[in-house]
Number of protein chains: 2
Amino acid sequence: MKNCIIGQSGGPTAVINASLCGVAAKALNSEKIGKVYGAINGIQGVFNENFIDMSTILKDDEAIELMKTTPASYLGSCRYKLPKLDADRKAYEQIFEVFNKYNIGYFFYIGGNDSMDTVDKLSRYAAETGYDISIIGVPKTIDNDLMETDHTPGFGSAAKYIATSLREIGLDSDVYDLYSVTIIEIMGRNAGWLTASSVLARDEHYKAPHLIYLPEGEFEDEKFFRDIKALNDKGIKNVVVAVSEGIKYKDGTYVCESASSGLTDTFGHKCLSGTAKVLEDMVRTKLGYKARGIELNVGQRCGAHFTSLTDIEESFAVGQAAVSEAENGGTGKMMIYVRESNNPYKISIESRDIKNIANGEKIIPQSWIVNGNDVSSEMIEYISPLVEGQPKLRYKNGLPVYLKR
Amino acid sequence: MKNCIIGQSGGPTAVINASLCGVAAKALNSEKIGKVYGAINGIQGVFNENFIDMSTILKDDEAIELMKTTPASYLGSCRYKLPKLDADRKAYEQIFEVFNKYNIGYFFYIGGNDSMDTVDKLSRYAAETGYDISIIGVPKTIDNDLMETDHTPGFGSAAKYIATSLREIGLDSDVYDLYSVTIIEIMGRNAGWLTASSVLARDEHYKAPHLIYLPEGEFEDEKFFRDIKALNDKGIKNVVVAVSEGIKYKDGTYVCESASSGLTDTFGHKCLSGTAKVLEDMVRTKLGYKARGIELNVGQRCGAHFTSLTDIEESFAVGQAAVSEAENGGTGKMMIYVRESNNPYKISIESRDIKNIANGEKIIPQSWIVNGNDVSSEMIEYISPLVEGQPKLRYKNGLPVYLKR
């Protein structure tokens with residue numbers, strides 16, 4: 001009987017541990033799987049043979065429930081990128097030596113785009129070398145930008161946090177009788193799903209956010225001012241604007257580039273921040289209004305005090321399904337959600353070849369963008385079911401209790 | 001029978017409407033009070049005779065419950081400062097003309113330091129001119145910096161939001177195996193109560209925030225680096241730092257001054273922001289660590305999705321008590337909390353002369369600051385009971401429902 005390793009990689013989410021829990025709980029009960037190891041800091045834990053026996057963590061139902069609602073990667077994470085297979089095989093040899101030493105027949109990697117690149121490369125190496133192993137990717141990203149899957153685990157909770165924050169900031173920004181613009185910067189480099197989810201803040205009473213700018217559109221300063229003025233003309237004095245950190249001008253430069261540090265991360269992505277502050281300055285200078293730029297920041301991905309029960313349950317289920325897929329001999333796959341129906345909301349979980357997913361990026365269809373400053377009703381129908389339900393948290397001294405390694 | 005006016009003023013909180021609700025519900029049931037008017041945008045609503053009949057808003061128990069958990073000033077707010085009484089009496093004459101016109105015998109003003117200045121001036125003017133009116137201040141501020149009262153309505157909910165966010169950010173910042181410093185900027189210009197409340201994020205499992213810097217202390221760059229290095233020496237790689245937006249150097253200049261805009265608000269306060277970003281840059285440049293500055297921003301005052309039930313109930317009660325005080329002929333007073341005991345936690349509500357409160361500022365005693373980078377156990381005992389209890393929210397489509405004017 002072969003053993004298994006589970007790793008978490010990339011930026012954490014509020015529900016990535018629900019998936020860890022789904023994989024581990026199912027693997028611990030599997031008749032085909034022996035020991036269940038958690039790799040500390042993702043693939044780095046494999047290099048360093050730094051493992052934790054998951055049976056010592058998920059000791060009882062209480063531990064499982066607590067793990068499901070604990071934010072941030074319980075096992076730790078990494079941003080390690082494997083070299084190209086044909087360029088340098090040394091890292092691969094090292095990894096598979098460890099796999100061999102620990103009799104590993106199952107490897108589950110919970111992560112986003114960059115992590116699926118690791119799943120792709122490792123499964124191709126295994127196939128080439130004839131190493132018998134099931135390598136399965138479990139999706140995770142608040143960004144909702146993974147290919148093939150209807151949506152990603154972590155997105156629904158982030159969307160709920162964002163929409164609720166926008167509703168609250170909308171009320172907060174409306175208390176003074178003056179002209180103001182409040183700009184809320186939301187995560188999302190190239191895909192605007194998170195920013196689009198701010199639309200859920202609206203209903204018959206709340207009109208904020210009044211404007212929504214996505215990275216899939218082209219941002220234009222003059223149109224931005226016209227959009228604000230048009231709202232003023234309709235009697236709306238306090239304008240609330242949701243913008244993606246990654247909004248760009250027609251020539252492809254990021255709006256924030258004047259203010260950002262020019263740093264890049266280990267994957268070569270530009271570090272973006274300051275979009276809201278740039279627009280705040282712009283509004284203050286050009287329109288003379290009171291302006292406030294707000295970065296929602298990491299609360300979007302770690303705000304476990306306020307998540308979607310739907311998201312947590314699905315994230316747990318997709319972890320379990322990954323184990324079933326591996327038990328049935330699948331490899332080189334990522335698990336995906338398929339939306340069966342929207343009313344009532346129902347999904348199923350399937351798997352897809354990782355090669356069609358790794359390094360891809362799902363962005364918002366142009367037909368869902370309205371006037372360059374709003375989203376369509378399809379977007380609302382798409383996101384709405386993902387934020388439903390409130391999980392029960394455990395409290396101690398008034399604060400939520402989370403599991404700590 | 002005389003009528004009453006209620007106004008809200010200054011920055012909103014997550015529970016200022018619980019106090020509005022307490023005043024209005026009690027006043028509507030009072031045998032001594034006739035009509036209950038809400039002034040739109042605080043004292044500006046009095047100038048403009050822009051009133052709302054509160055009996056049309058608080059129609060039933062459901063409306064009352066919804067109002068209690070609605071963030072941001074329901075009636076709107078203002079930052080209007082009355083001129084000095086001996087300098088210009090015109091504004092006063094205008095206000096009291098309106099009071100006379102609407103047969104006002106009771107004026108309740110819910111706000112912070114600057115609003116209590118208004119209560120002080122109006123009650124002095126009434127005394128001087130012999131106008132028969134009860135003018136009562138109802139405290140409100142997340143900053144907890146009002147004199148005389150044990151704590152302020154709004155502080156407990158903000159403290160809970162901050163401590164919970166710090167706990168979550170602490171977990172989030174700890175996922176990578178590298179040296180990093182995460183700096184969380186918390187509101188509080190001269191009083192560090194909110195920043196101090198981050199200490200509740202800690203318990204036997206969570207060590208973040210590792211460092212807490214308050215405006216009551218003297219910030220020193222070199223000591224900051226030494227504090228970080230000392231933690232590194234103890235094996236703590238990912239350091240989480242809670243800082244007040246108002247931390248200052250020995251010479252009195254704000255740490256953020258290099259980055260802030262130089263703008264001042266209508267009360268002449270400097271607009272502070274960017275402290276976390278300044279420290280982020282400092283850490284990156286001087287220590288070469290990964291660094292992230294996070295401004296918790298307006299969520300601290302409007303995060304109604306996650307408040308303290310204790311705070312909401314007390315805020316409602318202090319509003320009710322203000323009406324009792326007025327019924328008994330009190331004027332020129334602010335209601336205060338008196339802590340009767342800490343274990344079990346018990347408060348009573350009394351009133352104090354406004355002249356000892358207006359324009360004062362309660363800061364943290366030096367004896368509660370430890371090593372210039374932490375707070376004492378007295379602080380923990382003081383804040384802990386204020387964050388207890390979770391209010392029941394109403395949800396629709398997965399999001400909290402709030403009352404909108």
State all residues of the range B:315-363 that are crowded, with 20+ Cβ neighbours inside 10 Å and aromatic (F, W, Y); if no residue qualifies, say none. B:F316, B:Y337
Checking A:N371, A:N359 in turn, the sole residue that is away from chain B (no Cβ under 14 Å), within 18 Å of the chain's Cα centre (by Cα), on the phi > 0 side of the Ramachandran plot and not acidic (D, E) turns out to be A:N359
Candidate set: the range B:58-103, residues that are in contact with a strand residue (DSSP E or B) (Cβ under 6 Å, 6 or more places away or on another chain) and not hydroxyl-bearing (S, T, Y); chosen: the one nearest to B:G22 (Cα to Cα): B:L75
Sort through A:V241, A:V181, A:V255 and tell me the only one that's modelled with pLDDT of 95 or more and either of a type in the set (D, E, K, R) or under 23 Å from the mean Cα position of the chain (by Cα) (or both). A:V241
List pairs: first residue in the range B:230-255 and touching a residue at least 60 places away in the same chain (Cβ under 8 Å) and under 17 Å from B:V375 (Cβ atoms), second residue part of a strand (DSSP E or B) and hydroxyl-bearing (S, T, Y) anywhere in the structure, Cβ distance under 6 angstrom, at least six positions apart or on different chains. B:V240/B:T182; B:V243/B:Y213
Looking only at the range B:56-65, which residues are touching a helix residue (DSSP H, G or I) at 6+ places or on another chain (Cβ under 7 Å) and not in a helix (DSSP H, G or I)? B:I57, B:L58
If you go through the range A:366-405 one residue at a time, how many are over 12 Å from A:G217 (Cβ atoms) and either of a type in the set (K, R) or part of a loop (DSSP other than H, G, I, E, B) (or both)? 16
Take the conditions more than 11 Å from chain A (Cβ to nearest Cβ), over 27 Å from A:Y80 (Cα atoms) and out of contact with any helix residue (DSSP H, G or I) (no Cβ under 6 Å at 6 or more places or on another chain) and apply them to B:A158. Does it pass? no
Considering only residues that are within 13 Å of another protein chain (Cβ to nearest Cβ) and over 30 Å from A:P83 (Cβ atoms), look in the range A:266-277 and name the one that is modelled with the lowest pLDDT. A:G274
Scanning the range A:197-207 for residues that are under 14 Å from B:V401 (Cα atoms) and free of Cβ contacts under 8 Å to residues at least 60 places away in the same chain, the one nearest to the other protein chains (Cβ to nearest Cβ) turns out to be A:H205
Search result, residues across the range B:1-19 that are over 23 Å from B:K101 (Cα atoms) and within 14 Å of chain A (Cβ to nearest Cβ): B:G10, B:G11, B:P12, B:T13, B:A14, B:V15, B:I16, B:N17
Collect the residues in the range A:97-137 that are of a type in the set (K, R) and farther than 15 Å from A:K35 by Cβ, keeping them in residue-number order. A:K121, A:R124
Select from the range A:376-400 the residues that are within 8 Å of chain B (Cβ to nearest Cβ), free of Cβ contacts under 8 Å to residues at least 60 places away in the same chain and surrounded by 16 or more Cβ atoms within 10 Å (Cβ to Cβ) and list them in ascending order. A:G398, A:L399
Can you name every residue in the range B:66-91 that is in contact with a Leu (Cβ under 7 Å, 6 or more places away or on another chain) and in a helix (DSSP H, G or I)? B:L66, B:M67, B:A91
With the requirement that a residue be part of a loop (DSSP other than H, G, I, E, B) and among the hydroxyl-bearing types (S, T, Y), what does the range B:1-55 give you? B:S9, B:T13, B:S30
Of (1) out of contact with any strand residue (DSSP E or B) (no Cβ under 6 Å at 6 or more places or on another chain); (2) surrounded by 22 or more Cβ atoms within 10 Å (Cβ to Cβ), B:K32 fails just (2)
Return the residue satisfying two criteria in turn: it lies in the range B:285-309 and is of a type in the set (S, T, N, Q) and within 8 Å of chain A (Cβ to nearest Cβ), and of such residues it is farthest from A:P391 (Cα to Cα). B:N297
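The values are calculated or read from the model by the stated rules, or taken from the named source; none is laboratory data. Just so you know, these numbers come straight off a predicted model, no measurement behind them. Ideal geometry is used to build each Cβ from the backbone, glycine not excepted, and the neighbour counts take in all protein chains shown.
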